[in-house]
Amino acid sequence: MDSREVIVVTGGKPISGTVHIGGAKNSVLKLMAASVMAQGETRLDNVPLISDVDVMCEVLETIGAKVERGEQRGEGRHTLFIETSDLTSYRTPYELVAKMRASISILGPLITRFGRACVAMPGGCQIGSRGLDMHISSLEALGVQFDMSHGYINATTPNGLIGAEIILDFQSVGATENLMMASVCAKGTTAIHNAACEPEIVDLAEFLNSMGAQIEGAGTPNVIIHGVSELHSTTHKTVGDRIEAGTFLVAGAVTGGPVTVEGVNPDHLGLALKKLHEMGADLVITDNMVTFERTEELRPTDIQTLPHPGFPTDLQAQFMVLASLARGGSIITENVFENRFMFAAELARMGADIRIDGHHALVNGVSHLSGAPVNSTDLRAGAALVIAGLVADGPTCVYSIHHIDRGYEDYVGKLCALGADIERVQAQALSL
Ligand code: EPZ
C-alpha cells in the first residue's frame, strides 16, 4: 500500500450494517512462524490480507520456505500454503525485522528446527521500547545461549533444549509464545507460570497441538508443555480478530449503529463489551456475532489496560475516542505500554479535551469533534482517528495510513460498506 495515500473521512453519516471480521493478525503471524518447526506443507485459513502477513511471508521465504497464496491454487484469497521441508537458513535479515517487530516470533521456531537462530534485534516503536529481556531470560532457562552483537541475536543450544520451570515477570504475549514454541520439542517438561492468557495464545497452542505438540493450560497463567520428538505439518483456521471486531463496534458506537460484527468469538471481547454497555450500548450477542446499538448519549467510564482478560491495550485508542464524546469525565490508564498516549495529541487537534498525567489520560467529553489533518502514530491510533472522523464536523485527513494497512484488511472498504463517507486518496491530490 502506498504510504503517500491518505484516508479522507467526512463526518455526519451514521453507519450501520454487518461487517465480516477476518483472522487475527496477532495470531496468524505466530502460526506462520510456528509452521517452520515441521517438515511438510501447512495450510492456514482465515488469513487476513494485511501487510504484516506479507512481511512474514518474506521472512519465511528468506529462510527457504515456499509460500503460496490460496488463489494460486484455486482456493480462497484468505488461505496460505507454507512448504517447509527444505529450509536453507536460520538467519532473518534486519530490513524485515525492522519492518515488523512480530518477526521476533520466528526466534523460538528457528531454535526448535535448527538448534540455533540469528534474528535481527527489533527496534522499539512509537508505543514503547518493546523490550526482549523476558524472551531472552526464559529461553536461557531452556538451555539457549545468546550472543548479541552487531544488532543481531545469535542463539545456540550447545546441550540441546531442556524443559524447565519458568515464571515470567510480566504476562508477556511474545515471550509466552516464543517460550511455548521453543519448548515443544525440548527434552522433558516445561512449565510457564504467569503466562499470557490472550485468545491468540490459545489459538497458537491449538495449532501446535494439531502439529503433534502436547500443551496444556493455554489461556491460563500456567501452561505445561511436554516435549515431543518431532512435529508434523497441519491445517488450521485462524481465530477471529477480536481487536478488529472491537474497532468496528466502537465505530458503530460513535454514530449509534446498529452495527453487527460476525466471525469473532464474543467471549474474546469480554471487558470491552462490558465497557461498551457501561457507555450506553445495547448489545445482542450470539456465538459468533455481536450487534451494537446506542439510542442514548454516551456515558463516561474508566478503563485500565491490562493483560487478558483485562481490558486490551489494542482497544485503548478507540475507546478514548468514545470517551472524548461522552457526557462527563473518564480516566484511561495504560498499564501495558509506556508510550501509548501519542494518539491523544492527534485527537486533541480535533477538539478532544484530554490531559495526560503519566500513565493516566483524563478525558473530559466535548459536544463535538472537528475534522482536521491528523497523523497515525500506530495502527490502532490510525484506526481510532478514522473513527473520530466519522463523527467530526467536516473532513478529516488521516496520514501515515500504512500503519493501518499493517493490521486491518480493507478498513476503508468495510467502513464504506457500512455507509461511511470515506475514501483513500493520493496525498498530493489534497488541496487542504
Ligand atoms: C503483542 O505484542 C501484540 N503484538 C500487541 O499488539 C499487543 O498490544 C501486546 O501483545 C499486548 O497484548 C503481536 O502479537 C504481534 P508483550 P508483544 O510482550 O508480544 C514489555 C497491535 O496493535 N516487554 O505482551 O510485543 C513490552 O515492551 C500490537 O496489534 C518487555 O519489557 O507484547 C510491553 O511494554 C501492538 N520485555 C509489555 O511488556 C519483554 O521481554 C507487553 O509486551 C517482553 C515484553
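Cross-link partners for Lys13 among the aspartates and glutamates, with Cα-Cα distance under 16 Å and sequence neighbours closer than 8 places in the same chain left out: Glu293, Asp393, Asp421, Glu423.
How large is the accessible surface per residue of segment 289-328, computed with a 1.4 Å probe and reported in Å² as a whole number? With all protein chains present, segment 289-328 gives 36 Å² per residue. Counting only Cβ charges, +1 for Lys and Arg and -1 for Asp and Glu, the dipole size of segment 215-315 around its Cα centre is about 80 debye.
Here the relative contact order of segment 177-232, from alpha carbon pairs under 8 Å that lie six or more residues apart, stands at 45 percent.
Ignoring everything except DSSP H segments at least 4 long, calculate the 222 nm mean residue ellipticity for the chain; use -39,500 (n - 2.57) per segment, divide by total residues, nearest 500.
On the way: 14 runs with 132 residues, N = 432.
Here the helix-only value at 222 nm equals -9000 deg cm²/dmol.
The residues neighbouring Ile285, those whose beta-carbon lies less than 15 Å from its own, together hold a net charge of -2 under the Lys/Arg +1, Asp/Glu -1 convention. Expressed as a whole percent, the accessible surface of segment 69-127 that belongs to carbon and sulfur atoms is 46, based on a 1.4 Å probe. Between 0 and 90 degrees, the angle of helix 25-34 with respect to the longest Cα principal axis of the chain falls at about 10 degrees.
For the full complex of protein chains and a 1.4 angstrom probe, list Phe319, Phe341 by accessible area with the highest value first. Walk me through the numbers on the way to the answer.
Working: Phe319 5, Phe341 25 Å².
If we order Phe319, Phe341 from most to least accessible, we get Phe341, Phe319.
Among Lys99/Lys414; Lys30/Lys99; Lys30/Lys237; Lys66/Lys237; Lys25/Lys414, which pairs are too far apart, with a Cα-Cα distance over 21 Å?
Working: Lys99/Lys414 26 Å; Lys30/Lys99 16 Å; Lys30/Lys237 13 Å; Lys66/Lys237 19 Å; Lys25/Lys414 17 Å.
Beyond 21 Å: Lys99/Lys414.
Label zone (Asn154, point 7 Å along Cα-to-C-beta; backbone nitrogen cut-off 11 Å) within segment 65-91: none. Each principal axis of segment 150-215 carries a Cα extent, and these read 34, 26, 21 Å when sorted largest first. Once you have a ≥ b ≥ c as the square roots of the Cα gyration tensor eigenvalues for segment 256-363, tell me rounded if a/c is under 1.5, and otherwise prolate or oblate according to whether a/b is larger than b/c. Judged from the Cα gyration tensor, segment 256-363 comes out oblate (a/c at least 1.5, b/c at or above a/b). DSSP beta bridges confined to the chain are antiparallel in about 70 percent of cases. With a cut-off of 14 Å on the backbone N, the residues of segment 319-346 near the modelled label site 7 Å out from Asp302 along Cα-Cβ are 329-334.
Comparing Thr286, Thr156, Thr190 in a Gaussian network model of the chain where C-alpha atoms under 10 Å apart are linked, the largest mean-square fluctuation is found at Thr286. A simple spin-label model places pseudo-atoms 7 Å from Cα toward Cβ; at Leu87 and Glu61 they are separated by 1.9 nm. Between segment 357-432 and segment 54-109, what's the alpha-carbon centroid distance in Å? Here the answer is 30 Å between Cα centres.
Could you list log10 I(q)/I(0) for the chain at q = 0.07, 0.10, 0.13 Å⁻¹, which the Debye formula gives when each Cα is one point scatterer? Each listed q corresponds, in turn, to -0.33, -0.68, -1.12.
Charges at C-beta only: +1 for Lys and Arg, -1 for Asp and Glu. How large is the resulting dipole of the chain about its Cα centre, in Debye rounded to 20?
360 debye
For segment 148-291, the fraction of 1.4 Å probe accessible surface lying on carbon and sulfur atoms is 53 percent.
Pull out a ≥ b ≥ c, the square roots of the eigenvalues of the alpha-carbon gyration tensor of segment 275-432, then state rounded if a/c is under 1.5, prolate if not and a/b is larger than b/c, and oblate in the remaining case.
Working: a/c = 1.39, a/b = 1.21, b/c = 1.15.
Rounded.
Stretching Val425 away from Ile331 to a fully extended chain increases their span by 30.3 nm, per 0.36 nm per residue minus the current alpha-carbon distance. The charge dipole of segment 160-240, taken about its Cα centre with unit charges on the Cβ of Lys, Arg, Asp and Glu (plus for the first two, minus for the last two), comes to roughly 180 debye.
The values are calculated or read from the model by the stated rules, or taken from the named source; none is laboratory data. Computed from a predicted model, the values in this text were never measured in an experiment. Please note: Cβ atoms are built from the backbone with ideal geometry, for glycine as well, and neighbour counts cover all protein chains shown. With ligands, DNA and RNA removed, areas are computed over all heavy atoms of the protein, side chains included. Shrake-Rupley method; radii C 1.70, N 1.55, O 1.52, S 1.80 Å.
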